[in-house]
Amino acid sequence: MASWLMKWMVDPKRNWLAALHKRAISNRLRKYGLRYDDLYDPMYDLDIKEALNRLPREVIDAQNQRLKRAMDLSMKHEYLPDDLQVRNFRKADSNI
């Protein structure tokens with residue numbers, strides 16, 4: 001019972017509050033040029049590690065470049081310029 005409830009609470013497809021939270025986090029990440037998928041930690045979950053290993057090298061390189069740029073912007077206390085920020089990510093842009 002408890003595990004079903006926890007799965008429902010954190011699944012953005014089922015819980016509108018989780019979807020609202022994911023959208024808010026995505027909007028904040030966009031200011032640094034990141035995607036929500038860029039924050040997946042391969043050391044946390046073996047499934048994520050396997051999924052990242054199956055991605056093409058170009059996708060991994062782009063993800064690493066976005067992370068480096070975001071760290072640089074964060075250290076400078078700046079945001080990505082508005083003309084470089086992507087407004088809406090499509091579902092097709094999701095890597096994992």
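The values are calculated or read from the model by the stated rules, or taken from the named source; none is laboratory data. This is a predicted model, so every value here is computed, not measured. When we count neighbours, we look across all protein chains shown, and the Cβ atoms used for this are built from the backbone with ideal geometry, even at glycine.
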### Task
Output the residue which, of all residues in region 1-53 that are among the aromatic types (F, W, Y) and surrounded by fewer than 15 Cβ atoms within 10 Å (Cβ to Cβ), is farthest from L80 (Cα to Cα).
W4
### Query
Is it the case that L34 is out of contact with any His (no Cβ under 9 Å at 6 or more places or on another chain), aliphatic (A, V, I, L, M) and not in a helix (DSSP H, G or I)?
yes
## Note on the structure
Within region 69-92, restricting to residues that are surrounded by fewer than 11 Cβ atoms within 10 Å (Cβ to Cβ) and outside any loop (DSSP other than H, G, I, E, B), the one that is modelled with the lowest pLDDT is A92
### Query
When region 38-59 is examined, which residues are found to be within 12 Å of the chain's Cα centre (by Cα) and without any contact (Cβ under 8 Å) to a residue 40 or more places away in the chain?
D38, L39, D41
#### Entry: Identity of the residue in region 16-37, touching a residue at least 40 places away in the same chain (Cβ under 8 Å) and of a type in the set (G, A, S), that ends up farthest from Q63 (Cα to Cα)
S26
